[in-house]
Amino acid sequence: MSTFTYKNKIYEVDSKNFLLDFYHWDEDFAEWMAQQLKMPPKLTKEHWDVIYSIRNQFGETGRCPVVYETCRLNGLHLDDLIKFFPTGYLRGACIMAGITYKEGYLGQNYLPSTAEDYEVVSADKTYKVDVRGFLVNNDDWDEYYAVYRAYDMKIPGGKLTDKHWQIIHYLRDSFKKNNTVPTISKTCEANDIELEELEKLFPDGYHRGAVKIAGLRVR
């Protein structure tokens, strides 16, 4: 945890500059964060519409809306969103809205299921996950884990298609090379896929769906 002062106000943030308390947010925090992200000094109406949309959705539901929802609510395509927030959805729009990736999962229950519930996973196969269901050690990942997660989530029929595997292996290969989870825009571009198609593949969202199934997590 650390603090910074901007316009005579003190804010507490974590090691990645995510605001620790959702309720201590104000527009000055967003302006300060825009400077840290090397964005234009004056935020436009479109910026504020997205930021307040995220905050309002979190206030109503207790969870950060996935990127699909935010785009629809604001009449934006993914390319439009990335033009406004070049560092990405989570690391751009959400961080400016004062929501951490951890707060994005408030209100969701994680109910672990045993591997024997699914025929494709052997009964003695176990994985260590955190409270939000993310794999703790990404090196423990294997394709059995991905199949298990697909059953546990909203993947249609619980079946991973070739396109699912393409995204999953891209995420893991990119993480291995760069030691960071690629943004949703990079993933779409690298895999020649539109946001709407990605949503159909991973209805739970990018981080709560694709990234989780790939055995990764934003730290």
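What pairs come out if I take residues in the stretch 134-156 that are closer than 16 Å to residue 207 by Cα and pair them with residues that are of a type in the set (Val, Ile, Thr) and not in a helix (DSSP H, G or I) whose C-beta lies under 8 Å away, six or more apart or interchain?
Between residues of the stretch 134-156 that are closer than 16 Å to residue 207 by Cα and residues that are of a type in the set (Val, Ile, Thr) and not in a helix (DSSP H, G or I), the close pairs are 135/129; 136/129.
Report, by residue number, each residue of the stretch 158-193 that is acidic (Asp, Glu) and surrounded by fewer than 13 Cβ atoms within 10 Å (Cβ to Cβ).
162, 192
Go through the stretch 53-69 and give me each residue that's free of Cβ contacts under 8 Å to residues at least 40 places away in the same chain and either over 19 Å from residue 84 (Cα atoms) or in a helix (DSSP H, G or I) (or both).
Across the stretch 53-69, the qualifying residues are 53, 56, 57, 59, 60, 69.
Being at pLDDT below 70 and surrounded by 13 or more Cβ atoms within 10 Å (Cβ to Cβ) is the filter here; which residues of the stretch 121-151 pass it?
121, 125
Six or more apart or on different chains, Cβ under 6 Å: which pairs go from a residue in the stretch 70-88 that's closer than 13 Å to residue 47 by Cβ to one that's open to solvent by 40 Å² or more (accessible area, probe 1.4 Å) and part of a helix (DSSP H, G or I)? Could you list them?
These pairs meet every condition: 74/49; 84/46.
Can you pull out every residue in the stretch 1-35 that is open to solvent by less than 80 Å² (accessible area, probe 1.4 Å) and in a helix (DSSP H, G or I)?
Within the stretch 1-35, 22, 27, 28, 29, 30, 31, 32, 33, 34 meet the criteria.
Looking at (1) open to solvent by 40 Å² or more (accessible area, probe 1.4 Å); (2) within 27 Å of residue 202 (Cα to Cα), which one does residue 95 not meet, given that it meets all the others?
Every listed condition holds for residue 95 apart from (1).
What's the number of the condition residue 20 fails, among (1) out of contact with any strand residue (DSSP E or B) (no Cβ under 6 Å at 6 or more places or on another chain); (2) more than 22 Å from residue 185 (Cα to Cα)?
(1)
Which condition breaks for residue 215 when tested against (1) at positive phi; (2) open to solvent by 20 Å² or more (accessible area, probe 1.4 Å); (3) touching a residue at least 40 places away in the same chain (Cβ under 8 Å)?
(2)
If you go through the stretch 77-92 one residue at a time, how many are assigned to a loop (DSSP other than H, G, I, E, B), farther than 19 Å from residue 202 by Cα and either in contact with a strand residue (DSSP E or B) (Cβ under 6 Å, 6 or more places away or on another chain) or open to solvent by 20 Å² or more (accessible area, probe 1.4 Å) (or both)?
2
The values are calculated or read from the model by the stated rules, or taken from the named source; none is laboratory data. None of these values were measured; they are calculated from a predicted model. In this analysis, Cβ positions are derived from the backbone assuming ideal geometry, glycine residues included, and neighbour counts consider all displayed protein chains. Only protein heavy atoms, including side chains, enter the accessible area calculation; ligands, DNA and RNA are left aside. Shrake-Rupley method; radii C 1.70, N 1.55, O 1.52, S 1.80 Å.
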